[in-house]
Amino acid sequence: MIVLDFDEVYEAHFRESNIETEEDLANLEFTWCEGCRSTTGIHLTDRESLMIHGFTTKEAPYGICISCALDYDKLDVRLKEEEFSLDTDLFYKEEGKTLATPLTRKKLTEEQVSEEKERGRSRGQFRDFSNRYNLKSLYRSALTEDRYRKMDPPYFIGNRLRYHGMDRFQNVEIDDVRSNYDLANMRVERNNRIPESDAERPTPMEFRRDWFDSLLDSFILHEKHNEGKPNKRLAYALICTYLHKSWDWNNIEPLWVFAKRMGIGNVQLKSKMNDWINPIPDYHVTQMESLSNVPSFQTITNLVGVITEHSHDVMISFEEKQELTQQSISLLNQLSNVKIKVPVGKTSVEKTLLNHIHSVMKFNGSFSIQGQELCAAGAIEALCISYCATNVLGKQRRNVLHRKFLFPKGNGVPWWKQDLTTDAVHIISSFDKIIDKFQT
Ligand SMILES: [Zn+2]
């Protein structure tokens, strides 16, 4: 049986339990899956279904939850619940036994009750498993397979880590000094060890690096907002991905670099940006604002990671990667030490070179999400890396990296030139000269 709605669960418990006193109410117990950390999911209770999944009623007296063992990539939406819930090929297994969670009974704290209600509300119609799968298919096919594969890294796509190696990722903080790229690149071999206890078993709720899971809430909002309208899911998904990885993981790259490697033009992007969810969801605003964060050694490290991973015209060795990162970080430090005078009206103010460049690195007014100003995150990092690449990779490879990847030239005026402010374009064109001046 699929238990979807907590309010229904709550009511059913009320009806079935003989609640006569306050104490009965306080002792009310719910069926609970520790894997999903939820009272709702696909719960199987009859002896035969348990047997099919390799369980006995003795080890799972309240039944099992199979939601947390379902491989969504294998699930076919056309299957009905009673068909797929007994098709063990669709589930993660260990030695023939589904990695399902035996259900327990538990009293819920007030906090858990409200969490359960909230979860039900925010997921709305998409809390349903097949709808969730449908939604994933919609966005995956809007993206097409090639772009979907390119999400990895920094995202994991598919479910390959859901049941193994998760412990390495559970404590990743945004300000973790290790680069997200290095973490994402720690390919974890499939580990066939059976989890020793339920507590040790990773749960889908913790699986935040999955591309679809990370963006699920944005997708749900978009579908609700765009009912009956043309959807532009591709542009929306790409912009949301860009904002999410920048903000959540500090995984910075210039928007035009991301757009080029994802094969989307600025016209498509702009058209979606002008037709954003209205009013802009708060967390999208937060994400956009974070694009104005000052470059740091971490964003440099991340961008070098993006380049190494995705620039196929210039292959960069491990040593070169290290060297490029080091030199670019030290150039960034120099920028923050150099003081310059910037004219303001009839006088001038003293600023660091970094602050000055950072304050002008913006997209112009026509390139904005419903008028919300966008900073050209990653541009300064790209300039530092490109400058240092002459030294590390040699002039020829540097030029290829600069012109094909970091500041791509197309036919006519490249779109980053069209959409950045004049001041920003000026800095980009004269950056090498500015640095040479301070280096001598
Ligand atoms: Zn579960």
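Descriptive notes on the structure:
- The residues listed here are S328, S317, S348; of these, the one that is within 14 Å of E381 (Cα to Cα) and among the polar types (S, T, N, Q) is S328.
- Picking from residues in the range 73-111 that are modelled with pLDDT under 85 and buried (at least 17 other Cβ atoms within 10 Å of the Cβ), the one that is farthest from M51 (Cα to Cα) is L108.
- Residue count, the range 200-228 (criterion: assigned to a helix (DSSP H, G or I), modelled with pLDDT of 50 or more and of a type outside the set (D, E)): 12
- Within the range 375-386, not a single residue is surrounded by fewer than 20 Cβ atoms within 10 Å (Cβ to Cβ) and not hydrophobic (A, V, I, L, M, F, W, C).
- Residues being over 9 Å from L103 (Cα atoms), of a type in the set (S, T, Y) and within 14 Å of the ligand (Cβ to nearest atom) - total across the range 46-67: 1
- When the helices (runs of 4 or more DSSP H) confined to the range 349-440 are screened for residues that are among the small types (G, A, S) and either in contact with a Pro (Cβ under 6 Å, 6 or more places away or on another chain) or in contact (Cβ under 8 Å) with a residue 24 or more places away in the chain (or both), those reaching at least 1 such residues are found at 379-393, 422-439.
- Within the range 31-41, considering residues that are closer than 16 Å to A60 by Cβ and not in a loop (DSSP other than H, G, I, E, B), the one farthest from the chain's Cα centre (by Cα): T31
- Where a residue in the range 19-37 is within 16 Å of the ligand (Cβ to nearest atom) and its partner, wherever it lies, is modelled with pLDDT under 70, with Cβ under 6 Å and at least six apart: E34/D198; G35/T203; R37/M205
- Tally of residues being under 18 Å from S386 (Cβ atoms), in a helix (DSSP H, G or I) and free of Cβ contacts under 8 Å to residues at least 12 places away in the same chain across the range 294-348: 4
The values are calculated or read from the model by the stated rules, or taken from the named source; none is laboratory data. If you're wondering where the values come from, they're calculated on a predicted model, not measured in any experiment. Cβ: placed from backbone, ideal geometry, glycine included. Neighbour counts: every protein chain shown.
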